[in-house]
Amino acid sequence: MKNHIALFEPLMPANTGNIARTCAATNTSLHLIEPLGFSTSDKMLKRAGLDYWDKVDIIYHESLPAFMDYVGSHPLFLISKFARQVYSQANLADPSVSEQFFLFGKETTGLPEEFMEPHKDQCLRIPMNDEHVRSLNLSNTANIIIYEALRQQDFQGLDSLHHYRDTEKSRRMAW
């Protein structure tokens, strides 16, 4: 199954860079829905993604409707603290699905309410104590969601053991 992370109008380059690194590590496509709050040539964005940018499948969309046209009939999950369903209760490994999308809102305002309302059955949340914290960091949230999907999919296509380069230092570090 192919997983996709989509960011609606992201504002912070470090968050997007960190999510791009996760996408590179998990064979996940990254969708950026414009307008962006930064340039993709931004130094902080490159720094957060380190040297993985050429390993990330990035697709740009000029608007939320353009993104929805791209998604078509594939499953779409909206990630929101206002959702009723907890992310771990959703079936993210349906064998009949070839691709699925996880849409995350803007760091400051989330997803537009008028967009979420007709999609409320597709909304997932991460439980948290919102008496003390307004929201979780976007890149942390994306990591939690994508790794739950991958866990349910038995980490298909990912290495279960890190392979060290054959160097003197790695031979000393091998357990």
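If the condition is being open to solvent by less than 70 Å² (accessible area, probe 1.4 Å), over 23 Å from ARG21 (Cβ atoms) and not in a loop (DSSP other than H, G, I, E, B), then segment 111-144 contributes PHE115, MET116, HIS119, GLN122, CYS123, ARG125. Just to be sure, is ALA6 under 15 Å from the mean Cα position of the chain (by Cα), under 20 Å from PRO75 (Cα atoms), modelled with pLDDT of 80 or more and of a type in the set (Gly, Ala, Ser)? When the stated conditions are applied, ALA6 passes them.
On inspection, ALA83 passes the criterion of being touching a Cys at 6+ places or on another chain (Cβ under 7 Å), among the small types (Gly, Ala, Ser) and either farther than 17 Å from ASN15 by Cβ or at pLDDT below 95 (or both). Cβ contacts < 9 Å: first residue under 19 Å from GLY105 (Cβ atoms), restricted to segment 52-71; second residue hydroxyl-bearing (Ser, Thr, Tyr), any location; separation 6+ or different chain. Result? So the pair list comes out as ILE58/SER29; ILE58/THR40; ILE59/SER29; ILE59/TYR70; TYR60/THR40; HIS61/TYR70. For GLY105, indicate whether it is open to solvent by less than 100 Å² (accessible area, probe 1.4 Å), over 26 Å from MET12 (Cα atoms), of a type in the set (Gly, Ala, Ser) and out of contact with any Lys or Arg (no Cβ under 9 Å at 6 or more places or on another chain). Spelling it out, it is not the case that GLY105 is open to solvent by less than 100 Å² (accessible area, probe 1.4 Å), over 26 Å from MET12 (Cα atoms), of a type in the set (Gly, Ala, Ser) and out of contact with any Lys or Arg (no Cβ under 9 Å at 6 or more places or on another chain).
The values are calculated or read from the model by the stated rules, or taken from the named source; none is laboratory data. The shown structure was predicted, so the numbers you read here are calculated from the model rather than taken from an experiment. Positions of Cβ are backbone-derived with ideal geometry, glycine not excepted, and every protein chain shown enters the neighbour counts. What goes into the accessible areas is simple: the full protein's heavy atoms, side chains included, and nothing from ligands, DNA or RNA. Shrake-Rupley method; radii C 1.70, N 1.55, O 1.52, S 1.80 Å.
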